[in-house]
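Written out below as structure tokens is the structure these notes cover.
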Amino acid sequence: MVYKKAPKSPGDSPDSTANPDRHPDPQERERRYSGIGSSKGFAIGEAYEFVKETVEHEIAELNPENIDAEVERFMTALHRSEKELKKIERVTTRKIGKLYSDLFQAQIMLLRDPVLIDAITRRIRTELKPAHLVIEQEFEQYLGNFINSDDQIFRERAADLHDIKERIIRNLHIRKLHSWVPEGSVVVSHHLSPADIILLSRSNVKGFATDTGGKTSHVALICKSLNIPMVAGLGNFSQKIGSGSPVILDGNDGVVITRPEEKTVEEYRRKREAEIRREADDSVLAHRHAFTRCGMRITVCSNIDFREEITHLDATGSEGVGLFRTENLFLDDLKPPKEALQTEYYLSMAEMLTPKPLVIRLFDIGGDKLIYSPVKEPNPNLGWRGVRILIDVPEILDTQLRSLIRANVHGNVELMIPMISSIEEIEHIRQRLEHHYERVSEESRETLYKPGLGAMIEMPAAVELIDEITRMVDFVSIGTNDLTQYTLAVDRNNLIVQDLFEKFHPAIIRQLYRIISTAQKNRCRCAICGDMGSDPLATPFLIGCGLREFSLVSSDIPALKARVASYTIAECEALASECLKLSSAPAIKERLDVFLKEH
Ligand code: PEP
Ligand code: MG
């Protein structure tokens, strides 16, 4: 595959007659395409269709005298691919810090993998097959399982492997990577890799629209860091639009509008301007502690997925880490990370943050996260996941607990258990924590603090047991993403039922009140770390229920602090008690919306 410049005008496209946007009819009205808003913001501009060209391979078998040359060609392609990736890694480091450059480092490591290189060169020599065929077949072995997986995260990882393979094959043909697009375009593509995003962003791209992908892909995370709006999961949108078509991309609502009417363009211009003004106002408040209008202190921490994000916390006014998702430590290597590596990782985080808190969640693998199960589960979200794996595979739990204890030299580390559904699970983890604390303290020359123990409340069963749980642990944190999924029986990653994934459902609203008020009664700290913590509609309701601690994606912190400053506790309490009496999500949202408009 080689990157190819897209046809300049829609009429150049071979299948331009197949749809209206490729072959525009001047009478054609604006159209809206729905996808997933993967990175917030609005873009108004012209589409640029970014397509990847397929390379024709003619030779199916090598002459024996050409073998050495073919192996040499393969080695040169590896070398070129590594050079490209190093360049991309440097650009990534410069643009978004070291945050995501590790991803490309992992790809470079794969290019250098002696087992892979050996297997490919051996097969070229013994089977007389050309390099591209052997590379295809060797990668196939890995890729098949990944691509067919029901798990979104695994499918996204398959995309990374696919990108490396395509890169090597392209470099067999000495084709230069095409990464230029007209300045300020909205890039439309079937699929984009993290490397594509990094390189294309150098042309001041206004937005990205892709047929594939979702909210949690690396591509989405990189777009968020670069502050470029993105809509993913648009189906076959890229076949419906040609370069040059006017488009609006709405990363907040996950919508792309083609050939917008003048009044729509005007509406989005106003939205963009309002957003710019709001961001400027919010950043003034971000560096102060958050207080409600009546003076109640609200703590605001960050959810993070990578250690490098800590360097950005101060800029957003974050007061620490309320959720560190450790699953990414598995990413480069599907085996559990070793104790020394985990200790170094957590210790460096604790040191960077001290005296601010660092809440580390035990591995929440399985389900919609990384697959760990050796068998294909019919319904992974209801399967072997989170604390269930930790209990069944003691090596994973023990290694992580020991590392967490070793990292707690400053006393700012706490640990949190994912997917709790019973008291026994908490007891088990607590007993293992006590056991390892004694052992590790004996082994260590330093004074180590025992990490505080918290439980994620993200299953209805945990809500039912909230009285017992909040008397057992130091803190609880509400995971509204899974709580919504499990309460409403709506798979959080299934696009077909996304409109049923309603966090303002009265069943969720009432559970939130029950969790927060019970924790308060039992003097147990309570925070929210699910995405609902970022939702402006939810803020006054949660405060009204008694919540005083939020953990959310760092970029949303300034806006949350600004909102908090305009409410009083009494107003929020009155609002919460009104909402708790309502029995439908639209009615609850309507009431919350009115409150928001009044403040
Ligand atoms: C949640 O379920 O709300 C949560 C914060 O955890 P995750 O999104 O990682 O499952
Ligand atoms: Mg969860």
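The values are calculated or read from the model by the stated rules, or taken from the named source; none is laboratory data. Not measured: the values here are computed from a predicted model. Cβ coordinates were reconstructed from backbone atoms using ideal geometry, including for glycine residues, and neighbour counts include every protein chain displayed.
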Of the candidates 515, 509, 478, the one satisfying the condition of being over 26 Å from the mean Cα position of the chain (by Cα), surrounded by 20 or more Cβ atoms within 10 Å (Cβ to Cβ) and either within 16 Å of ligand 1 (Cβ to nearest atom) or among the small types (Gly, Ala, Ser) (or both) is 515
Given (1) touching a residue at least 40 places away in the same chain (Cβ under 8 Å); (2) over 30 Å from residue 571 (Cβ atoms), identify the lone condition not met by residue 288. (2)
Just to verify a result, which residue in region 372-404, among those that are within 18 Å of residue 339 (Cβ to Cβ) and touching a His at 6+ places or on another chain (Cβ under 6 Å), is farthest from ligand 1 (Cβ to nearest atom)? 402
Sort out which residues of region 133-153 are at pLDDT below 75 and either of a type outside the set (Phe, Trp, Tyr) or outside any helix (DSSP H, G or I) (or both), and write them in order of number. 144, 145, 147, 148, 149, 150, 151, 152, 153
Any residue at all in region 237-247 that is surrounded by fewer than 22 Cβ atoms within 10 Å (Cβ to Cβ), in contact with a Pro (Cβ under 6 Å, 6 or more places away or on another chain) and in a helix (DSSP H, G or I)? no
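Is there a residue being farther than 30 Å from residue 320 by Cα, in contact (Cβ under 8 Å) with a residue 12 or more places away in the chain and in contact with a Lys or Arg (Cβ under 6 Å, 6 or more places away or on another chain) anywhere in region 256-270?
yes
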Residue 350 meets each of (1) within 16 Å of ligand 2 (Cβ to nearest atom); (2) at pLDDT 85 or above; (3) surrounded by 20 or more Cβ atoms within 10 Å (Cβ to Cβ) with one exception, condition (1)
What pairs can you find where one residue is in region 316-327 and in contact (Cβ under 8 Å) with a residue 60 or more places away in the chain, the other is within 13 Å of ligand 2 (Cβ to nearest atom) and of a type in the set (Gly, Ala, Ser), and their Cβ atoms are less than 8 Å apart, with a gap of 6+ or different chains? 321/551; 322/477; 322/551; 323/477; 323/551
Unmet requirement for residue 323, which otherwise passes all of (1) surrounded by 14 or more Cβ atoms within 10 Å (Cβ to Cβ); (2) aliphatic (A, V, I, L, M); (3) away from ligand 2 (no atom under 16 Å from the Cβ); (4) modelled with pLDDT of 90 or more: (3)
Select from region 481-496 the residues that are charged (D, E, K, R) and closer than 14 Å to residue 458 by Cβ and write down the one among them that is nearest to ligand 1 (Cβ to nearest atom). 482
Among (1) within 19 Å of residue 194 (Cβ to Cβ); (2) touching a helix residue (DSSP H, G or I) at 6+ places or on another chain (Cβ under 6 Å); (3) at pLDDT 85 or above - the single one residue 77 does not satisfy: (1)
Which condition from (1) in contact with a helix residue (DSSP H, G or I) (Cβ under 6 Å, 6 or more places away or on another chain); (2) modelled with pLDDT under 90; (3) crowded, with 19+ Cβ neighbours inside 10 Å is the one that residue 156 breaks? (1)
Among the candidates 97, 11, residue that is in a helix (DSSP H, G or I), modelled with pLDDT under 90 and closer than 19 Å to residue 236 by Cα: 11
Residue selected from region 430-468 under the condition within 16 Å of ligand 2 (Cβ to nearest atom) and of a type in the set (Val, Ile, Thr), by the criterion surrounded by the fewest Cβ atoms within 10 Å (Cβ to Cβ): 463
Every pair of residues 6+ apart whose Cβ atoms lie under 6 Å, when the first sits in region 401-428 and is on the phi > 0 side of the Ramachandran plot and modelled with pLDDT of 95 or more while the second is within 16 Å of ligand 1 (Cβ to nearest atom) and hydrophobic (A, V, I, L, M, F, W, C): 419/387
